[in-house]
Amino acid sequence: MSNAGSGERLQDVVDQLQAHVAELRRSRRRLVEAASADRRTIEGALHDGVQQHLVALAVDLQRLAGLLDRDPAAARALLDEMATNMRDALDETTALARRVYPPLLEGRGLASALRSAAESAGVTAVVDVPAVARYSPEITAAVYWTCVEALSSASSGSQATVRVVDADDALTFEVAVAGRHPMERLDRLRDRIEALDGRVSIEEDDLGSRVHGWLPVSR
(Lines give C-alpha, C1' and ligand atoms only; values in the text may rest on other atoms or scores of the structure.)
Protein backbone atom coordinates (compact mmCIF):
# COMPACT_ATOMS: atom_id res chain seq x y z
CA MET A 1 0.00 0.00 0.00
CA SER A 2 2.86 2.32 0.87
CA ASN A 3 4.55 1.78 -2.49
CA ALA A 4 1.22 2.21 -4.29
CA GLY A 5 0.56 5.45 -2.42
CA SER A 6 4.02 6.77 -3.21
CA GLY A 7 3.56 5.90 -6.85
CA GLU A 8 0.23 7.74 -6.99
CA ARG A 9 1.75 10.83 -5.36
CA LEU A 10 4.66 10.73 -7.79
CA GLN A 11 2.24 10.47 -10.71
CA ASP A 12 0.31 13.45 -9.35
CA VAL A 13 3.51 15.49 -9.28
CA VAL A 14 4.38 14.43 -12.82
CA ASP A 15 0.87 15.33 -14.02
CA GLN A 16 1.08 18.75 -12.36
CA LEU A 17 4.50 19.42 -13.92
CA GLN A 18 3.25 18.39 -17.35
CA ALA A 19 0.22 20.65 -16.99
CA HIS A 20 2.49 23.52 -15.90
CA VAL A 21 4.80 22.99 -18.89
CA ALA A 22 1.81 22.87 -21.23
CA GLU A 23 0.48 26.15 -19.82
CA LEU A 24 3.92 27.76 -20.15
CA ARG A 25 3.96 26.75 -23.82
CA ARG A 26 0.48 28.17 -24.38
CA SER A 27 1.48 31.39 -22.58
CA ARG A 28 4.63 31.74 -24.68
CA ARG A 29 2.60 31.18 -27.85
CA ARG A 30 0.07 33.84 -26.79
CA LEU A 31 2.89 36.32 -26.08
CA VAL A 32 4.37 35.73 -29.55
CA GLU A 33 0.96 36.06 -31.20
CA ALA A 34 0.17 39.24 -29.25
CA ALA A 35 3.51 40.80 -30.23
CA SER A 36 2.90 39.90 -33.88
CA ALA A 37 -0.60 41.39 -33.74
CA ASP A 38 0.77 44.60 -32.23
CA ARG A 39 3.37 44.88 -34.98
CA ARG A 40 0.72 44.34 -37.67
CA THR A 41 -1.47 47.02 -36.09
CA ILE A 42 1.38 49.53 -36.00
CA GLU A 43 2.37 48.66 -39.57
CA GLY A 44 -1.21 49.22 -40.69
CA ALA A 45 -1.39 52.56 -38.88
CA LEU A 46 1.89 53.66 -40.49
CA HIS A 47 0.67 52.64 -43.95
CA ASP A 48 -2.85 54.02 -43.72
CA GLY A 49 -2.02 57.13 -41.73
CA VAL A 50 1.51 58.55 -41.69
CA GLN A 51 2.52 57.19 -45.08
CA GLN A 52 -0.57 58.62 -46.75
CA HIS A 53 0.17 62.05 -45.28
CA LEU A 54 3.74 61.87 -46.59
CA VAL A 55 2.55 60.84 -50.06
CA ALA A 56 0.12 63.76 -50.08
CA LEU A 57 2.89 66.13 -49.05
CA ALA A 58 5.13 64.88 -51.87
CA VAL A 59 2.33 65.49 -54.40
CA ASP A 60 1.62 68.93 -52.94
CA LEU A 61 5.29 69.89 -53.19
CA GLN A 62 5.17 69.22 -56.91
CA ARG A 63 1.99 71.28 -57.23
CA LEU A 64 3.53 74.07 -55.18
CA ALA A 65 6.52 74.36 -57.49
CA GLY A 66 4.19 75.05 -60.39
CA LEU A 67 2.08 77.61 -58.49
CA LEU A 68 4.75 79.83 -56.94
CA ASP A 69 5.20 82.09 -59.96
CA ARG A 70 1.90 81.47 -61.73
CA ASP A 71 -0.58 81.86 -58.84
CA PRO A 72 0.93 83.11 -55.53
CA ALA A 73 -2.47 83.16 -53.77
CA ALA A 74 -3.12 79.53 -54.61
CA ALA A 75 0.42 78.70 -53.52
CA ARG A 76 -0.20 80.28 -50.09
CA ALA A 77 -3.47 78.34 -49.72
CA LEU A 78 -1.65 75.13 -50.64
CA LEU A 79 1.06 75.88 -48.08
CA ASP A 80 -1.60 76.19 -45.37
CA GLU A 81 -3.04 72.83 -46.43
CA MET A 82 0.41 71.26 -46.37
CA ALA A 83 1.05 72.61 -42.88
CA THR A 84 -2.17 70.98 -41.67
CA ASN A 85 -1.19 67.67 -43.24
CA MET A 86 2.23 67.90 -41.63
CA ARG A 87 0.72 68.51 -38.18
CA ASP A 88 -1.60 65.54 -38.66
CA ALA A 89 1.33 63.34 -39.64
CA LEU A 90 3.32 64.47 -36.59
CA ASP A 91 0.35 63.84 -34.29
CA GLU A 92 -0.14 60.32 -35.66
CA THR A 93 3.59 59.59 -35.40
CA THR A 94 3.59 60.75 -31.77
CA ALA A 95 0.57 58.56 -31.00
CA LEU A 96 2.29 55.54 -32.55
CA ALA A 97 5.48 56.23 -30.57
CA ARG A 98 3.43 56.24 -27.36
CA ARG A 99 2.07 52.82 -28.23
CA VAL A 100 5.62 51.48 -28.51
CA TYR A 101 6.95 53.14 -25.32
CA PRO A 102 5.36 56.29 -23.89
CA PRO A 103 7.93 59.06 -23.27
CA LEU A 104 6.18 60.03 -20.03
CA LEU A 105 7.02 56.62 -18.57
CA GLU A 106 10.74 57.30 -18.76
CA GLY A 107 10.66 61.07 -18.43
CA ARG A 108 8.19 61.58 -15.58
CA GLY A 109 7.55 58.14 -14.15
CA LEU A 110 4.80 55.58 -13.79
CA ALA A 111 2.18 57.82 -12.11
CA SER A 112 2.24 60.52 -14.82
CA ALA A 113 2.20 57.93 -17.61
CA LEU A 114 -0.80 56.13 -16.07
CA ARG A 115 -2.74 59.38 -15.61
CA SER A 116 -2.12 60.24 -19.26
CA ALA A 117 -3.19 56.75 -20.36
CA ALA A 118 -6.42 57.00 -18.35
CA GLU A 119 -7.18 60.39 -19.90
CA SER A 120 -6.59 58.98 -23.38
CA ALA A 121 -8.99 56.13 -22.58
CA GLY A 122 -11.69 58.62 -21.57
CA VAL A 123 -11.59 57.48 -17.95
CA THR A 124 -11.40 59.57 -14.77
CA ALA A 125 -8.80 57.71 -12.74
CA VAL A 126 -7.46 58.07 -9.22
CA VAL A 127 -3.80 57.03 -9.53
CA ASP A 128 -1.91 56.18 -6.35
CA VAL A 129 1.72 55.36 -7.12
CA PRO A 130 4.73 55.90 -4.81
CA ALA A 131 6.41 59.12 -5.92
CA VAL A 132 9.96 57.86 -5.35
CA ALA A 133 9.45 54.30 -6.57
CA ARG A 134 12.13 53.16 -9.01
CA TYR A 135 11.88 49.83 -10.77
CA SER A 136 13.72 48.18 -13.62
CA PRO A 137 12.51 49.15 -17.12
CA GLU A 138 11.04 45.66 -17.58
CA ILE A 139 9.01 45.85 -14.37
CA THR A 140 7.87 49.41 -15.04
CA ALA A 141 6.79 48.58 -18.59
CA ALA A 142 4.98 45.40 -17.49
CA VAL A 143 3.00 47.24 -14.80
CA TYR A 144 2.24 50.15 -17.12
CA TRP A 145 0.97 48.07 -20.05
CA THR A 146 -1.01 45.76 -17.76
CA CYS A 147 -2.74 48.76 -16.18
CA VAL A 148 -3.37 50.31 -19.60
CA GLU A 149 -4.85 47.02 -20.80
CA ALA A 150 -7.13 46.89 -17.75
CA LEU A 151 -8.18 50.52 -18.20
CA SER A 152 -9.19 49.80 -21.79
CA SER A 153 -12.06 47.68 -20.44
CA ALA A 154 -13.53 50.64 -18.55
CA SER A 155 -16.72 52.25 -19.78
CA SER A 156 -16.11 55.63 -21.40
CA GLY A 157 -16.63 58.47 -18.91
CA SER A 158 -16.50 56.12 -15.92
CA GLN A 159 -14.21 56.27 -12.91
CA ALA A 160 -11.31 53.95 -12.17
CA THR A 161 -8.63 53.52 -9.56
CA VAL A 162 -5.03 52.47 -10.09
CA ARG A 163 -2.92 51.69 -7.05
CA VAL A 164 0.69 50.54 -6.81
CA VAL A 165 2.14 49.53 -3.45
CA ASP A 166 5.88 49.23 -2.96
CA ALA A 167 7.32 46.56 -0.64
CA ASP A 168 10.87 45.44 0.15
CA ASP A 169 11.19 42.74 -2.48
CA ALA A 170 7.99 43.08 -4.47
CA LEU A 171 5.31 45.43 -5.69
CA THR A 172 1.59 44.92 -5.88
CA PHE A 173 -0.87 46.78 -8.06
CA GLU A 174 -4.61 46.97 -8.44
CA VAL A 175 -6.80 48.37 -11.20
CA ALA A 176 -10.53 48.76 -10.56
CA VAL A 177 -12.76 49.65 -13.51
CA ALA A 178 -16.45 49.77 -14.35
CA GLY A 179 -16.39 47.07 -16.97
CA ARG A 180 -15.62 43.44 -17.71
CA HIS A 181 -12.46 42.11 -19.30
CA PRO A 182 -12.73 39.84 -22.36
CA MET A 183 -11.01 36.49 -21.93
CA GLU A 184 -8.38 37.34 -24.54
CA ARG A 185 -7.47 40.46 -22.59
CA LEU A 186 -7.23 38.52 -19.34
CA ASP A 187 -4.80 36.12 -21.01
CA ARG A 188 -2.60 39.03 -22.08
CA LEU A 189 -2.66 40.48 -18.56
CA ARG A 190 -1.58 37.20 -17.01
CA ASP A 191 1.01 36.38 -19.67
CA ARG A 192 2.73 39.75 -19.34
CA ILE A 193 3.07 39.54 -15.55
CA GLU A 194 3.74 35.81 -15.27
CA ALA A 195 6.58 36.18 -17.79
CA LEU A 196 8.37 38.11 -14.99
CA ASP A 197 7.51 35.51 -12.32
CA GLY A 198 4.54 37.53 -11.09
CA ARG A 199 0.91 36.66 -10.42
CA VAL A 200 -2.40 38.14 -11.52
CA SER A 201 -5.92 37.57 -10.18
CA ILE A 202 -9.22 39.08 -11.28
CA GLU A 203 -12.37 39.77 -9.31
CA GLU A 204 -15.64 40.64 -11.05
CA ASP A 205 -19.04 41.69 -9.73
CA ASP A 206 -22.03 43.75 -10.82
CA LEU A 207 -20.09 47.01 -10.37
CA GLY A 208 -17.13 46.06 -12.52
CA SER A 209 -13.83 44.28 -12.10
CA ARG A 210 -10.55 44.47 -10.19
CA VAL A 211 -7.20 43.27 -11.44
CA HIS A 212 -4.70 42.41 -8.70
CA GLY A 213 -1.06 41.91 -9.59
CA TRP A 214 2.14 40.98 -7.77
CA LEU A 215 5.69 41.17 -9.10
CA PRO A 216 9.04 40.38 -7.45
CA VAL A 217 11.41 43.36 -7.50
CA SER A 218 15.18 43.20 -7.27
CA ARG A 219 16.84 46.30 -5.84
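The values are calculated or read from the model by the stated rules, or taken from the named source; none is laboratory data. Since the model is a prediction, treat every value here as computed from it, not as a measurement. All Cβ positions, glycine included, derive from the backbone under ideal geometry; neighbour counts span all protein chains shown. We work out accessible area using only protein heavy atoms, side chains counted, and drop any ligands, DNA or RNA first. Shrake-Rupley method; radii C 1.70, N 1.55, O 1.52, S 1.80 Å.
So here's what we get for this one:
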| item | result |
| --- | --- |
| Gain on full stretching of the segment that runs from Met86 to Arg163 - 0.36 nm per residue minus C-alpha separation | 23.9 nm |
| Simple spin-label estimate for Asp15 and Asp128 in nanometres, 7 Å along Cα-Cβ | 4.3 |
| Relative contact order (%) - criterion: Cα under 8 Å, at least six apart; region: region 114-165 | 57 |
| Label zone at Leu207, where the point sits 7 Å out along the Cα-to-Cβ direction: region 155-176 residues whose backbone N lies under 20 Å | 155-165, 173-176 |
| Probe 1.4 Å - accessible area at Glu92, Å² to nearest ten | 70 |
| Test item: Cα-centred dipole of region 173-219, Lys/Arg +1 and Asp/Glu -1 on Cβ, debye | 240 |
| Convex hull volume of region 48-182 per residue (C-alpha atoms, cubic angstrom) | 143 |
| Contour minus Cα-Cα distance for Ser120 and Arg180 (0.36 nm per residue) | 19.7 nm |
| Solvent exposure of region 63-172 as accessible area per residue, Å², 1.4 Å probe | 57 |
| Sequence-separation-based contact order of region 68-219, relative, with Cα cut under 8 Å and 6+ spacing, percent | 18 |
